[in-house]
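First up is the structure itself, then whatever we jot down about it.
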Amino acid sequence: MEKLRYERPIIKKLNVGFVNKFGTQAKNEVVTNIEGVGVKELIKEYGSPLFVISEKQIRRNYQHASRVFKTRYPKVQFAWSYKTNYLNAVCNVFHQEGSWAEVVSGFEYEKALANGVPGSKIIFNGPDKTDDQLINASRNNSLIHIDHFDELYTLIKLSEEFHLKPRVAIRVNMDTGIYPKWDRFGFNYENGQVWTAASRILNSENLNLVGLHCHIGTFMMESSAYAIAASKMCQLSWDISEKFGIHIQYLDLGGGFPSTNTLKGSYLPGTDTVPTIDQFADAITDVILGFGFRQEELPLLILETGRALIDDAGFLLGTVLANKRLSDGRSSTIMDFGVNSLFTSFWYDHKVTPAQEGGQYTEETVLFGPLCMNIDVIRENVLLPLLKKGDQLVVHKVGAYNMTQWMQFITLRPNIVLLDQSSHPHLIRKAETLDYLESVEIVPNHLSKNQ
């Protein structure tokens, strides 16, 4: 047997980040494409920064959630939460999948109608509904969720004056063991306020009480809270039926299901800590099915799920502007997008990945945006390889709220591209221009540059 040649041992440094009680941080992966479309090609075609939305992932998320609930409960209806992302292309994907529209303003209501949603399949939530909007929603046979007594009294008056028969639901707030309680919206369950509202609705001649609605919080990490909410909603429905002899047609459990983003301050990533959609479905449907309703009287279960269905379908692509060494020795990188575009960076430690191969060395880095304000921080601390000016990064799970809560501040808002089910890119919102911004400005004659 041939003798093996001697090779001297070497020590190789492994850059895995700091160790905490949960172990080491995972090595940064490289994401060079989104569903087969190159990141750099997208930026070359549509500019940087750039939002990219995956139609395929939206449909996959919706179909999964729908299947999970409908295999557990016979009557389920999803209603897309417009405030989460009201780009028409996005809304229409959900509507094609069978989702109704859930809106919280007159502006969103008009968008839903323009997207072809029948008035009877629009849920009108929120505390700010004008008289004209209430009249319009009533005439369109929409579901009006009453938020407070002033709105209730207004709707009673309008229904009498204009001979309307609005379909209404009561928004209920309650104690589900989650604090702080969301009690600024709707009528309280524990103090009996909801009973006062129900009595006044049912004693009016024109209002038709068809549903009950609650929205117990946002980014909810405890599925058990939904079991408590479902139990109280069922009890309220049952008591109304017993006292007034009417059948509540639907229970709307609202939204609040979390995405798998990682909340700031969390030790573990969201993928390891967030409950699955199955857990929420079990918590809600087990209670309703076991409450005692006769089969023919089971209420329709409505869900207004938003971020859990779209967060992971959104990406933000951006380019490195510069690198800096801070006074305390930390590494920092400045990107061409900031908190004005990525509003959720205030809530989440978004996953950030390079879009090109780099060296083996990695370093904890502060990721800044380009805005002239000190709070423009995308990530306070993220493990990244050494980057150079012109390199690209991908921010993951940005589909919810960023394209509705973004701000036109210092920089113009960028293009948004939708990748269809064949991974073909479509421009669905054009980047802003100076002419676009100034088109709504009016300069008095004495201040005009032509004077």
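The values are calculated or read from the model by the stated rules, or taken from the named source; none is laboratory data. Note that the structure is predicted; figures quoted are calculated from it, not measured. Virtual Cβ from ideal backbone geometry, glycine too; neighbours counted across all protein chains shown.
Okay, residues lined up against (1) within 23 Å of W80 (Cα to Cα); (2) modelled with pLDDT under 95; (3) out of contact with any Leu (no Cβ under 6 Å at 6 or more places or on another chain):
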| residue | (1), (2), (3) |
| --- | --- |
| L207 | no, no, yes |
| G211 | yes, no, yes |
| C214 | yes, no, yes |
| I240 | no, no, yes |
| D252 | yes, no, yes |
| D272 | no, yes, yes |
| T276 | yes, no, yes |
| A281 | yes, no, yes |
| G292 | no, yes, yes |
(Q) Among the residues of the stretch 127-181, what is the count of those that are modelled with pLDDT under 95 and surrounded by fewer than 16 Cβ atoms within 10 Å (Cβ to Cβ)? (A) 4
Q: Residue by residue through the stretch 337-355, note down the ones that are surrounded by fewer than 20 Cβ atoms within 10 Å (Cβ to Cβ) and under 20 Å from P425 (Cβ atoms).
A: T353
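Provide a single number: the residues in the stretch 75-92 that are closer than 15 Å to A65 by Cα and surrounded by 24 or more Cβ atoms within 10 Å (Cβ to Cβ).
Quick first cut of the stretch 75-92, residues closer than 15 Å to A65 by Cα only: 75-81.
Then keep just the ones that are surrounded by 24 or more Cβ atoms within 10 Å (Cβ to Cβ); that gives 79-81.
Residues in the stretch 75-92 being closer than 15 Å to A65 by Cα and surrounded by 24 or more Cβ atoms within 10 Å (Cβ to Cβ): 3 in total.
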(Q) Between a residue in the stretch 276-300 that is of a type in the set (S, T, N, Q) and any residue that is outside any helix (DSSP H, G or I), which pairs come within a Cβ distance under 7 Å, given they are 6 or more apart or on different chains? (A) Q279/S223; T285/R72; T285/Y73
Q | In the stretch 387-423, the residues that are surrounded by fewer than 16 Cβ atoms within 10 Å (Cβ to Cβ) and either part of a strand (DSSP E or B) or free of Cβ contacts under 8 Å to residues at least 60 places away in the same chain (or both) | A | F409, L412, S422
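Out of the residues in the stretch 314-339 meeting the condition of being within 17 Å of the chain's Cα centre (by Cα) and not aliphatic (A, V, I, L, M), tell me which one is nearest to K389 (Cα to Cα).
So in the stretch 314-339, the residues within 17 Å of the chain's Cα centre (by Cα) come out as 314-316, 339.
Filter once more, so that each one left must be not aliphatic (A, V, I, L, M): 314-315.
Values: G314: 24, F315: 21 Å.
Checking each candidate, the answer is F315.
S66: surrounded by 23 or more Cβ atoms within 10 Å (Cβ to Cβ), over 26 Å from M335 (Cβ atoms), of a type outside the set (F, W, Y) and at pLDDT 95 or above, yes or no? Spell out how you get there, then give the answer.
Details: surrounded by 23 or more Cβ atoms within 10 Å (Cβ to Cβ): no; over 26 Å from M335 (Cβ atoms): yes; of a type outside the set (F, W, Y): yes; at pLDDT 95 or above: yes.
Judged against the criteria, S66 is not a match.
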Q.
For the stretch 246-265, which positions are part of a loop (DSSP other than H, G, I, E, B) and either free of Cβ contacts under 8 Å to residues at least 60 places away in the same chain or aliphatic (A, V, I, L, M) (or both)?
A. I246, H247, I248, Q249, L253, G254, G256, F257, P258, G265
